[in-house]
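K.L.:
Here it is, the structure in full.
The values are calculated or read from the model by the stated rules, or taken from the named source; none is laboratory data. All values derive from a computational prediction rather than experimental measurement. As a convention, Cβ positions derive from the backbone with ideal geometry for all residues, glycine included, and neighbour counts pool all protein chains shown.
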Amino acid sequence: MKLIIAKDEHEFDVMAAWEIIGQMLRKPDSVIGLSTGQTTKNMHAIVSDIYRQYPFDTSRVTLFNVDELTNLPRSYAGCCYTMIAEQIARPLQIPDERFIMPQTISEDYEAECRNFQKALEERGGIDLQMLGLGYNGHIGINQPGTPFGSETWVSPMDPIFEERVRRETGVGPEHELGGLTLGIRTIMHARHIVLIAKGGHKADMVRQMLKGPVTEDIPASVLQLHPNCTFLLDADAAQYVTDLA
Ligand code: GLP
């Protein structure tokens, strides 16, 4: 396990951004998985900023997001497609055919899942997967209890997130919402994973992820078993695990 502790949030954002840029420079045809949320917003802005100032070759890079909301139009600002497109894919001029995302609205989500996973496999598999850490230990949208053997699937949202999405969109309970996500097994096949977490509110979950047992109750704990996973934390998120660094 490789554990990196940044001294503050800014250093964290810059180090996380360079994980992505470094991957693109080392392997210009990389397949890179991203993740949305508060943790990754600044990091995407830094990558985009550096690209604007010092353009590098992105013509062969494939980008995707680890998960996507289902049953909501892409016009909803909270859809992963929309966030990733605006925050990083468009600023980096990633061609549409190399920005791989499932549809948010589909008659056949099983086919969406299969096609999403297949598209990544056809490009040689995932070189780098950036992963945020959910408050309950979820990775992607794989909630506690998800089997470690899961492939790409549509998971229920966690209740707190679902409540927020319904409030923001006005979508009522008669519409089922979910999250199409790479499964745990799919994520574990990535050649390199960088788990990123910042802020004191993540500290206890970081401790459980790194020091607790490997259990399906804490999906992120499976990363202890990945042969090439980097855990990048800021000092606040790392407060209970400094002895591991
Ligand atoms: C959502 C996303 C996850 C992300 C997590 C962390 O659940 N589906 O992919 O890792 O949020 O969010 P934040 O960075 O806002 O804490």
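K.L.:
What number goes with the only condition from (1) touching a helix residue (DSSP H, G or I) at 6+ places or on another chain (Cβ under 9 Å); (2) more than 25 Å from Leu225 (Cβ to Cβ); (3) surrounded by 17 or more Cβ atoms within 10 Å (Cβ to Cβ); (4) of a type outside the set (Lys, Arg) that Phe161 does not pass?
P.N.:
Failing condition for Phe161: (1).
K.L.:
Quick one: which residue in Asn142, Asn115 is within 16 Å of the ligand (Cβ to nearest atom) and over 22 Å from Trp18 (Cα atoms)? Outline the logic, then answer.
P.N.:
Numbers: Asn115 fails: within 16 Å of the ligand (Cβ to nearest atom).
Step by step, each of Asn142, Asn115 is checked, and only Asn142 is within 16 Å of the ligand (Cβ to nearest atom) and over 22 Å from Trp18 (Cα atoms).
K.L.:
For region 11-97, which fully contained strands (runs of 3 or more DSSP E) count at least 3 residues that are closer than 25 Å to Val171 by Cα and within 15 Å of the ligand (Cβ to nearest atom)? Spell out how you get there, then give the answer.
P.N.:
Details: elements: 31-34, 62-65, 67-70.
In region 11-97, the matching strands (runs of 3 or more DSSP E) lie at 67-70.
K.L.:
Can you confirm whether region 128-137 contains a residue that is more than 9 Å from the ligand (Cβ to nearest atom), farther than 19 Å from Leu72 by Cβ, touching a His at 6+ places or on another chain (Cβ under 7 Å) and hydrophobic (A, V, I, L, M, F, W, C)?
P.N.:
Yes, there is a match, as at least one residue in region 128-137 is more than 9 Å from the ligand (Cβ to nearest atom), farther than 19 Å from Leu72 by Cβ, touching a His at 6+ places or on another chain (Cβ under 7 Å) and hydrophobic (A, V, I, L, M, F, W, C).
K.L.:
Say we look at region 164-185 and pick out the residues that are β-branched (Val, Ile, Thr) and buried (at least 21 other Cβ atoms within 10 Å of the Cβ); which of these is nearest to the ligand (Cβ to nearest atom)?
P.N.:
Within region 164-185, the subset β-branched (Val, Ile, Thr) is 165, 169, 171, 181, 184.
Of the ones still in play, those that are also buried (at least 21 other Cβ atoms within 10 Å of the Cβ) are 181, 184.
Working: Thr181: 7, Ile184: 13 Å.
The selected residue is Thr181.
K.L.:
Please find, within region 202-245, the residue that is farthest from Gln143 (Cα to Cα) out of those that are free of Cβ contacts under 8 Å to residues at least 24 places away in the same chain and not hydroxyl-bearing (Ser, Thr, Tyr). It would help to see each step written out before you state the result.
P.N.:
Within region 202-245, the first condition is being free of Cβ contacts under 8 Å to residues at least 24 places away in the same chain, and the residues that meet it are 212-215, 227, 243.
With the extra rule that they be not hydroxyl-bearing (Ser, Thr, Tyr), the set shrinks to 212-214, 227, 243.
On the way: Gly212: 17, Pro213: 17, Val214: 15, Pro227: 23, Asp243: 28 Å.
For region 202-245, the residue satisfying everything is Asp243.
K.L.:
If you scan region 211-221, which residues turn out to be more than 12 Å from the ligand (Cβ to nearest atom) and either modelled with pLDDT under 95 or under 21 Å from Gly37 (Cα atoms) (or both)?
P.N.:
Initial filter on region 211-221 (more than 12 Å from the ligand (Cβ to nearest atom)): 211-218, 221.
Result: Ile218, Ser221.
K.L.:
Within region 122-158, work out how many residues are over 22 Å from Thr40 (Cβ atoms), in contact (Cβ under 8 Å) with a residue 12 or more places away in the chain and surrounded by fewer than 19 Cβ atoms within 10 Å (Cβ to Cβ).
P.N.:
7
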